[in-house]
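Here is the structure we will look at, set down as structure tokens.
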Amino acid sequence: MKKTRKLLLMLLCIVLALGSLVACGKQEGGSAATDPPKETKDAGEDGKKDFSGRTFDTLLSVGGGGNYWEPVLKRLQDLYPGLTVNHTYESGAGDILRTRILSNSAPDIFNINQGELPPYNVIKDGLARPIDDILELPTMDGSAKLSEILDMGIFALGLVDGKHYIFHEMLYLSGLWYDKNFFKENDLSLPKSWDELMSLGEKLKGMDTNLLGACGLMSHEYPTSYWFWPMVATNDWETYSRLQNLDYEAFKDEGMQKIVDKMVEVRDKGYFNAGTLALGNAETQMSFIAHDFALLPCGSWLEAEMADAWTDDWELGFLPYSFGDKAGDKQRMCVIGLISMVSKTTKNEDIVGEFYRLLFSDKEAIRGSVGVHHNAMAIKGFSEIAGDLLDPSVAEAVKILNEEMEGINIEMGKWYTTISKEIGNMIVALMGGDIEKEEFLQRGYDLFKGIAEDDNITKYKFEG
Amino acid sequence: MKKNFASRSFDAVMTGVPTVIYVFFILLPCIAGLFVSLTDFGGFSLDLKYVGLYHYKKMFNDPVFYKSVWNYIALYVGTVLICFPLALSFAIILTRNRIKERNFYRVLFFFPSTVPLMIISLMWMVVYNPNFGILNQFLGLFGVPGQAWLGTKDTVMWAIIVMLVWRQFGFYLVFFMAGVNNIPRDLYESAKIDGAGEIRQTFYITIPLMWEVVRTSLVFYVQTACNVGFNIVYITTRGGPDNASQLLSSYMYQSITEQLDYGYASALGTALLVITTILALVVLRSTKREVYQY
């Protein structure tokens with residue numbers, strides 16, 4: 001009896017051990033990239049391609065944009081019956097992609113949060129293929145090439161050695177947001193110059209509220225990309241361009257000193273809500289909604305993200321000002337968005353091409369997609385195609401971008417991943433009163449110098 | 001006595017399976033981590049470039065590395081110095097004095113250690129919130145100005161230590177109560193007849209006889225401080241403000257998730273392994289006492 005029990009126990013242990021090893025060896029998902037592709041058949045009379053019997057494998061990260069590929073994929077399947085779509089829409093898509101690439105079953109196309117997967121690392125590691133041939137494909141109505149209907153300015157992000165690698169599918173317009181009703185009720189006017197901003201700060205102080213607050217827990221993003229760099233680019237374009245090219249001496253020049261002086265002035269006059277430096281983005285946004293401060297650096301996902309939190313008295317607006325000197329100066333805002341890339345190993349180039357043709361030039365697919373993410377796309381004439389589907393604050397930001405401001409990509413943050421983190425830390429330290437101007441500038445100088453002189457870091461060139 | 005085949009096979013399996021699991025899931029990843037720290041692995045491509053000791057040189061020139069080592073040690077020492085005497089005192093009071101409601105207190109204090117760290121962290125974030133937090137509102141009643149407890153360099157580590165103590169206190173309390181309960185009653189009765197008071201009994205009977213329990217807990221806590229500390233720090237401060245609460249483990253995690261720098265993260269992981277091993281050895285050596293049999 002005792003022997004039998006021991007033998008059974010032994011058997012159980014062996015089964016468990018083998019089970020664990022087998023489970024470890026299993027590969028996730030299908031393997032469209034490794035399956036031999038079937039020939040694309042021309043269906044003949046209508047000239048339409050036939051993808052029947054083939055599988056299109058896509059990976060989309062869960063984020064503020066929602067599952068915005070779904071309407072496009074549905075349209076693709078409607079147009080090409082018989083095509084199977086293996087669509088993965090998951091959070092932690094970076095980990096899924098890593099597993100699949102390492103097991104040689106990469107999806108045909110993938111969209112990962114830029115914070116989760118720095119796109120230039122993907123390009124550097126040779127995991128994505130250039131997309132220039134796809135950009136040369138005709139639009140769905142055949143009237144132009146995709147590159148002719150897209151706003152190619154933003155496609156500079158992802159341009160390496162003269163080749164494009166990144167599709168910019170949706171645009172987040174980022175800058176400073178405010179409550180229109182709060183400004184109206186309190187007879188506050190929107191600042192257009194530094195003096196007007198300071199006078200607004202003083203008025204708000206008198207009302208026991210602050211001018212500005214910024215999420216400290218995600219300082220590498222919110223205050224850095226949506227306030228600091230647009231402010232640098234607005235105040236001194238030359239300094240901004242030099243820093244993009246790692247010219248660390250810029251930290252010793254007057255332009256940068258003046259910008260830090262402005263930040264210190266906002267802090268020292270008590271216009272900054274230092275409490276937000278200890279908060280996450282949701283808490284900071286709640287604090288903004290409670291009018292603890294008037295201006296919030298954030299992106300155009302804000303209205304949708306806080307959909308359940310806005311109180312009736314709120315009307316969200318985008319401020320067409322980035323802390324420039326005087327009225328009339330060109331103000332700049334950060335324009336980033338959701339991006340996707342094509343896997344180097346895809347054998348479904350033709351289906352990939354059809355997907356992007358639909359995404360960028362098929363009215364039904366565009367409207368379906370915008371209906372999910374509620375943001376703008378880098379398509380010429382976008383407002384006529386799907387402008388009515390945008391949230392009011394997003395529509396206003398798009399109008400401001402088109403008429404009053406200029407977008408920047410802040411490429412250096414994508415090229416050199418340590419920059420945003422450290423600049424975020426420096427902003428928190430400065431605005432929290434832990435460091436002064438001199439230390440801020442010295443840390444910036446050391447950071448950029450360290451990167452510039454590190455031969456193990458791939459360098460990129462900013463063309464302006 | 002000679003063992004038969006079944007018995008020997010049983011022994012082999014019972015030791016073999018854990019050994020295989022240990023080798024595959026602990027030893028090999030450690031060796032792989034060491035290997036990765038010598039390469040430029042970015043998480044995706046296996047086309048690796050050997051970079052030698054580049055990541056270690058970078059680490060030793062990185063002020064954030066030293067800051068995070070210091071924070072880890074401060075977190076460990078700070079929490080131990082508050083949590084252990086407190087848990088030990090409560091364990092002795094609740095067990096020795098036979099307090100009627102001791103089971104109630106045991107459950108009450110143990111409860112925080114059953115709550116997921118995510119919930120605890122979010123709860124404390126509400127307590128510490130500088131704009132509408134409970135703590136600032138409470139202090140406001142006495143005219144004490146509020147603070148950004150998690151957003152100020154001077155207070156952030158203390159705020160985290162308080163969270164950790166609150167979380168861990170009940171766990172060690174239960175641990176120590178079991179230790180005190182195991183001490184034979186007649187030792188106390190003899191001491192009482194010899195005229196020893198409560199305090200002398202505590203220092204001459206209770207603590208020496210349960211010293212091994214305290215010692216094991218201290219070593220166990222080296223690892224717990226690393227794990228629990230990481231979770232709390234990552235959720236509440238992300239190592240901020242300006243790395244003031246950065247721990248080696250959170251810094252390592254950020255190097256992977258925000259920078260995809262697996263090589264540097266692996267070098268930090270190796271340093272963490274060495275530091276925790278040294279810390280555990282120091283604790284073991286410095287707390288070695290004669291073991292009393294009873």
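Quick rundown of the values:
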{"quantity": "Some residue of the stretch A:83-98 being part of a helix (DSSP H, G or I), crowded, with 16+ Cβ neighbours inside 10 Å and touching a His at 6+ places or on another chain (Cβ under 8 Å)", "calculated": "no"}
{"quantity": "Residues of the stretch A:373-423 satisfying the condition of being closer than 30 Å to A:Lys124 by Cβ, β-branched (Val, Ile, Thr) and either part of a helix (DSSP H, G or I) or within 14 Å of chain B (Cβ to nearest Cβ) (or both)", "calculated": "A:Thr417, A:Thr418, A:Ile419, A:Ile423"}
{"quantity": "The stretch A:289-298 - residue that is under 26 Å from the mean Cα position of the chain (by Cα) and among the aliphatic types (A, V, I, L, M) and, of those, nearest to the other protein chains (Cβ to nearest Cβ)", "calculated": "A:Ile289"}
{"quantity": "Selected residue (criterion: farthest from the other protein chains (Cβ to nearest Cβ)) from residues of the stretch B:138-184 that are assigned to a helix (DSSP H, G or I), small (Gly, Ala, Ser) and over 28 Å from B:Arg238 (Cα atoms)", "calculated": "B:Gly179"}
{"quantity": "Residue match in the stretch A:270-277 (condition: away from chain B (no Cβ under 12 Å) and free of Cβ contacts under 8 Å to residues at least 60 places away in the same chain)", "calculated": "no"}
{"quantity": "Any hit, the stretch A:138-150, residues being in contact with a helix residue (DSSP H, G or I) (Cβ under 7 Å, 6 or more places away or on another chain) and within 17 Å of A:Asn409 (Cβ to Cβ)", "calculated": "yes"}
{"quantity": "Test: residue in the stretch B:228-243 that is more than 22 Å from the chain's Cα centre (by Cα) and part of a helix (DSSP H, G or I)", "calculated": "no"}
{"quantity": "Considering residues of the stretch B:39-64 that are in contact with a Gly (Cβ under 6 Å, 6 or more places away or on another chain) and modelled with pLDDT of 90 or more only, the residue nearest to the other protein chains (Cβ to nearest Cβ)", "calculated": "B:His55"}
{"quantity": "Counted residues, the stretch A:307-349 - those being over 19 Å from A:Ile410 (Cβ atoms), in a strand (DSSP E or B) and among the β-branched types (Val, Ile, Thr)", "calculated": "1"}
{"quantity": "Qualifying residue in the stretch B:255-264 (condition: of a type outside the set (Val, Ile, Thr), within 8 Å of chain A (Cβ to nearest Cβ) and on the phi > 0 side of the Ramachandran plot)", "calculated": "yes"}
{"quantity": "Among residues of the stretch A:435-449, those that are buried (at least 18 other Cβ atoms within 10 Å of the Cβ) and within 12 Å of chain B (Cβ to nearest Cβ), counted", "calculated": "4"}
{"quantity": "Filter result for A:Leu127 (of a type in the set (A, V, I, L, M, F, W, C), touching a residue at least 40 places away in the same chain (Cβ under 8 Å) and within 14 Å of chain B (Cβ to nearest Cβ))", "calculated": "yes"}
{"quantity": "Enumeration of residues in the stretch B:116-137 that are in contact (Cβ under 8 Å) with a residue 40 or more places away in the chain and away from chain A (no Cβ under 13 Å)", "calculated": "B:Leu117, B:Ile120"}
{"quantity": "Residue identified as in contact (Cβ under 8 Å) with a residue 60 or more places away in the chain and either away from chain B (no Cβ under 14 Å) or under 26 Å from A:Asn235 (Cα atoms) (or both) among A:Asp325, A:Asp308", "calculated": "A:Asp325"}
{"quantity": "Residue in the stretch A:413-425 that is under 21 Å from A:Trp301 (Cα atoms) and not small (Gly, Ala, Ser) present", "calculated": "yes"}
{"quantity": "A:Leu302 vs. criteria touching a helix residue (DSSP H, G or I) at 6+ places or on another chain (Cβ under 9 Å) and within 14 Å of chain B (Cβ to nearest Cβ)", "calculated": "no"}
{"quantity": "Conditions (1) under 17 Å from B:Ala148 (Cβ atoms); (2) in contact (Cβ under 8 Å) with a residue 60 or more places away in the chain; (3) within 14 Å of chain B (Cβ to nearest Cβ); number of the one not met by A:Met286", "calculated": "(2)"}
{"quantity": "Members of the stretch A:353-366 that are outside any loop (DSSP other than H, G, I, E, B) and either crowded, with 21+ Cβ neighbours inside 10 Å or touching a residue at least 60 places away in the same chain (Cβ under 8 Å) (or both)", "calculated": "A:Gly353, A:Glu354, A:Phe355, A:Tyr356, A:Arg357, A:Leu358, A:Leu359, A:Phe360, A:Ser361, A:Glu364, A:Ala365, A:Ile366"}
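The values are calculated or read from the model by the stated rules, or taken from the named source; none is laboratory data. This one's a predicted model, so the numbers in the text were calculated from it and none came from an experiment. Positions of Cβ are generated from backbone atoms using ideal geometry, with glycine treated the same way; all protein chains shown enter the neighbour counts.
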